[in-house]
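Structure first, commentary second.
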Amino acid sequence: MIKIFSFLSSLSIKDMLKKYIISFLIIIFTTIINFLILRWDFNDEIINTLTKISSSLIITFFASVWFYLLKYNKINCKVKNNHIPQIFPILFWIFFYFTFDLDINSWDNFMYFILTLIWFISFLFISPFLRDILSYKDLKIQYDLQFRHTLYLIISSSIIWWLFYLLCIIWVFAVFTLFDLKDYEYYKIYWDLAIIVFSLFTPSYFLLQIWQNNWIYDEKLKTSKLYDFLIKFIWVPFIYIYFFILYAYTLKVFLNFQDWPKWEVSWLVIVFSSFWYLLYILSKYLEDNFKLIKNFRKYFPFVVAPQLFMLFYAIFLRIWQYDLTTNRYFVVVFWIWLLIVSLYLIISKKKNLYIITSFLTLFIIIISAWPWWVYKMPLNRQLNRLEKNLIQAHILNNWKIKPLSKYEDIDIELSREIYNWIEYTCNFNDCGEIKTIFKDLYDQYLIKYKKDFIKNNKISLNSKEIIPPKWWFITFLGDTLKVRSYEPISPEESWFLYITLIWSDDFFPLDLKNYTKIYKIWNYDDKWIKIDKKILKIMSWSELVDEINLEEVLTKIDKTYKDTKNTEFEKDNLTFDVSGKNWKYLLLLENISFDFENENMNLNINWYLLKK
């Protein structure tokens, strides 16, 4: 444990502040903000803002390191004009924060953050050599060593502190268990430790380790037996096995071309190719001593090329059908990167390793700049398509919104597209642009929601403190404009179907004068109610009291769904008189789910059963 902290003695506090002041401040501020997110009960808007600050600071931390390494002189290990690399991260954070439209519930935003983080880390591998790269110098040996050493620092920093964190968890668990401290919420201590270890210790350790005299020429990794073992007997066999799996799938889809390709193939190809290029760099020094690696490096650029064609076809179909989204934009960028690198390694005789990470970093700059900005370009295309569909449906006329009279006034496919485009743009940035397009309807919804909220909760709140959930606004827009999502109606189109009560309907208040008991069914298997193979069993502890066959109920729901092609039912279509073996009941379903793949239902339920 002492060795882990021994690096603190190698640099004085003065030297650390002089070299890494911005990076260390970023670490400290990120740790504080993460504690605020964990420990304080803020509303969703503040949590989203704090998460946005934390996420942008994490990206900026790596940006501060590579801004610093850009000024790195590998001959004397000094940085000239030390204040310059400290200014750029501040400017970058300001830019990134105000352009990063984070929504913590959006998968597209999460993907953007993760991939941006990967891309910024990738620049660490070329930043010390950037001037030499631009001068077309031969850097095969130096870059090979530098890449492996930088990757070693990242992995070792993570592993060391992961192990330390696991030890801390064991210590905490032992103390609370042995001393019977059940009144304390010890799980929160786990989160506190996670923030301290991963927000504070890990980046600090990495930051102070990455700057050592002559680390670029470290030869130790060249003779590491563990490193050789991982490359020879873990990574290379993994790539070969993955290769056979992917090409077996390719053969399958060619034999069933009408089903080709599934969307998963895009990321399968990307993961396969990215791992291959990473291994291509890491295995350079073993090429002459291990035949399997030599063949791997010689032939795999040709192997990747056909997979890129499949990737292109898969993403082309999705963009042709549904236009460009953030996720598809990333796939396109990865495809271009993989294509360029593959062609380079096939054609070029030099095969410089820095080309792989250099082009990856170049695309960071391209998709972060107007007009190819990863956030605005896909969103603008989706908004343009939404506006065209609204005009085609005669909902948007002379830039004024005129809702339809009934659902039948619009084609099903067009209705589905409009609803899905509204949902996508809302999930992307908390309905920012949608609130502008449908401003009058949003104002109506806001007034209604606030009145209902205050009435139902019997409290008085400042209107600014009431923030309506976006998914309610999406549902409100669908009901008002008379458009629906029209989910797939068969197992061939979707393996899962979820029916729910329309948001404007409610079973309450209930009239209970003709009923003797009410069951709240919120789990398919508890001490009162069990659902097994479409049979609802009423229990009294372990004793069976009554059972109801739900076959007729499911048949009616299926018919209603196929007739309306809508997953949101009015309450009359989710209210059923049912009979058990002993009594009669009224069954009220707030939702019901079907799992076509496993022929199950109701794994997520919220029902009421009233006994007559």
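The values are calculated or read from the model by the stated rules, or taken from the named source; none is laboratory data. Nothing here was measured: the structure is a model prediction, and the numbers come from that model. Every residue, glycine as well, gets a Cβ built from its backbone with ideal geometry; the counts of neighbours run over all protein chains shown. To get the accessible areas, we keep the full protein, side chains included, count just its heavy atoms, and leave off ligands, DNA and RNA. Shrake-Rupley method; radii C 1.70, N 1.55, O 1.52, S 1.80 Å.
If the Cβ limit is 7 Å and pairs must be 6+ apart or interchain, which residue in region 40-66 that is in contact (Cβ under 8 Å) with a residue 12 or more places away in the chain pairs with which residue that is part of a helix (DSSP H, G or I) and of a type in the set (G, A, S)? What qualifies is F61/S23; S64/S23; V65/S23; W66/S127.
Can you spot a residue in region 206-217 that is modelled with pLDDT under 80, open to solvent by 100 Å² or more (accessible area, probe 1.4 Å) and touching a Cys at 6+ places or on another chain (Cβ under 8 Å)? Steps first, please.
Of the residues in region 206-217, the ones modelled with pLDDT under 80 are 207-217.
Then keep just the ones that are open to solvent by 100 Å² or more (accessible area, probe 1.4 Å); that gives 213.
From what's left, touching a Cys at 6+ places or on another chain (Cβ under 8 Å): 213.
So far as region 206-217 goes, yes, one or more of its residues are modelled with pLDDT under 80, open to solvent by 100 Å² or more (accessible area, probe 1.4 Å) and touching a Cys at 6+ places or on another chain (Cβ under 8 Å).
Counting only residues that are within 17 Å of L383 (Cβ to Cβ) and either charged (D, E, K, R) or within 30 Å of the chain's Cα centre (by Cα) (or both), region 401-419 holds 4 of them. Among residues of region 505-518 that are within 18 Å of E590 (Cα to Cα) and assigned to a loop (DSSP other than H, G, I, E, B), those with a Cβ under 7 angstrom from a residue that is open to solvent by 90 Å² or more (accessible area, probe 1.4 Å) and at pLDDT 80 or above, sequence gap 6+ or separate chain, pair up as D505/E570.
Within the option set L36, L25, L11, L57, being modelled with pLDDT under 65, out of contact with any Pro (no Cβ under 8 Å at 6 or more places or on another chain) and not acidic (D, E) holds for one residue only, L11.
Within region 602-612, the residues that satisfy the criterion of being modelled with pLDDT under 60 and surrounded by fewer than 20 Cβ atoms within 10 Å (Cβ to Cβ) are L603, N604.
When S463, S485 are screened for being at pLDDT below 85, open to solvent by 30 Å² or more (accessible area, probe 1.4 Å) and among the small types (G, A, S), only S463 passes.
Here Y20 meets the list (1) open to solvent by less than 20 Å² (accessible area, probe 1.4 Å); (2) modelled with pLDDT of 85 or more almost entirely, failing just condition (2).
Scanning region 375-398 for residues that are in contact with a Pro (Cβ under 7 Å, 6 or more places away or on another chain) and open to solvent by 10 Å² or more (accessible area, probe 1.4 Å) turns up just one, M377.
Scanning region 399-450 for residues that are open to solvent by 80 Å² or more (accessible area, probe 1.4 Å), basic (K, R) and closer than 17 Å to T475 by Cβ gives a single hit, K448. The set of residues in region 556-575 that are at pLDDT below 85, open to solvent by 80 Å² or more (accessible area, probe 1.4 Å) and either closer than 19 Å to L609 by Cα or hydroxyl-bearing (S, T, Y) (or both) contains only E570. Screening I94 against (1) modelled with pLDDT under 70; (2) open to solvent by 40 Å² or more (accessible area, probe 1.4 Å); (3) among the aliphatic types (A, V, I, L, M) leaves a single unmet condition, (1).
Going through (1) over 24 Å from the mean Cα position of the chain (by Cα); (2) modelled with pLDDT of 85 or more; (3) small (G, A, S) one by one, A174 falls short only on (2). When Y186 is tested against (1) open to solvent by 60 Å² or more (accessible area, probe 1.4 Å); (2) under 29 Å from W40 (Cβ atoms); (3) modelled with pLDDT of 80 or more, just one condition goes unmet, and that condition is (3).
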